[in-house]
């Protein structure tokens, strides 16, 4: 019997997220569980959130009003954090999706993980490293927007030569392969991906223009690739090319 899909709370900081990403964002969330709570926080009395107002009803997102009591102070962050803690103590959720590019949510993400819940972060590439690292997984919203220069660039696969020059990418792939490999040096693709995610929550093949990890590793030229099994039971195994391992 298949296990039930984890229940998730999607909490959006309207001041630090763009409405253009909402469809892609909710589709991404659906990969990880069921968004039983959908809330967005901001001061809805002003015109600055007009774009969000137009998509809330369509996607069943509940707006939470938070007045700006003092100039320069972000009351929206506090409201989101308080709600998150209330939801945590209610004990009915399997994880949280925090949508913001604001580092103020770093401690919240860490606290939720300490309680044993999974935390998915969604934000722009400018998001501070501290918040990114505090999440189990972090997805850059540029690859979800479906429009704009960054989104268009993300859909264009980087050539092999460029991938090989990306020292961080090469290090992540090689280190993960070595950590996940068996005695013969082979590692299953899924295990490789899980190992990388533990080292770099923001890692995503789409950041390099590839829709799947299998496509990225093939393009990198770092691995020998072996497909085992047939049909739905096919698994992909990888091994670092010998000439590269022996250097």
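Considering segment 7-152 at the alpha-carbon level, its Rg and Dmax are found to be 14.2, 41 Å.
When both bridge partners sit in the chain, DSSP labels roughly 25% of those beta bridges antiparallel.
Taking the chain as a Gaussian network of alpha-carbon nodes connected by springs under 10 Å, the highest mean-square fluctuation of the residues 200, 171, 84 belongs to 171.
When you restrict to C-alpha pairs under 8 Å that are six or more residues apart and normalise by the size of segment 160-245, the relative contact order lands at 29 percent. Comparing 79, 90, 176 in a Gaussian network model of the chain (Cα springs below 10 Å), the most mobile by mean-square fluctuation is 90.
Taking neighbour Cβ counts within 10 Å as the exposure measure, how do 100, 194 sort from fewest upward? Working shown, then result.
Numbers: 100 26, 194 12.
Fewest-to-most Cβ neighbours within 10 Å comes out as 194, 100.
For the chain, the spread of Cα coordinates along the three principal axes comes to 63, 43, 32 Å, biggest extent given first. The calculated 222 nm mean residue ellipticity attributable to helices in the chain amounts to -11000 deg cm²/dmol, summing -39500 (n - 2.57) over DSSP H runs of n ≥ 4 and dividing by all residues. Once you keep just the Cα pairs under 8 angstrom separated by 6 or more residues, what percentage relative contact order results for the chain? Reported relative contact order: 15 percent.
Which order do 41, 208 fall in if you start with the one that has the fewest other Cβ atoms within 10 Å?
On the way: 41 26, 208 20.
Taking fewest neighbouring Cβ atoms as first place, the list is 208, 41.
Spatially, segment 172-210 and segment 21-69 are offset by 33 Å when compared through their Cα centroids. The simple spin-label model puts a point 7 Å past each Cα toward its Cβ; for residue 129 and residue 7 those points are separated by 3.8 nm. Among 45, 191, 106, the largest mean-square fluctuation in a Gaussian network model of the chain, built with springs joining Cα atoms closer than 10 Å, belongs to 45.
Each principal axis of segment 160-245 carries a Cα extent, and these read 32, 27, 25 Å when sorted largest first.
Where does each of 43, 15 land when they are ranked from fewest to most other beta-carbon atoms within 10 angstrom?
Listed from fewest to most nearby Cβ atoms, that is 43, 15.
Between the Cα long axis of helix 167-180 and the first principal axis of the chain there is an angle of about 70°, rounded to the nearest 10. Relative to the longest principal axis of the Cα atoms of the chain, the long axis of helix 75-90 lies at roughly 70 degrees.
Each value in this text was obtained by applying a stated rule to the coordinates, not by laboratory testing. Please read all numbers here as calculations on a predicted model, not as lab measurements. Note that each Cβ is placed from the backbone with ideal geometry, even for glycine, and that neighbours are counted across all protein chains shown.
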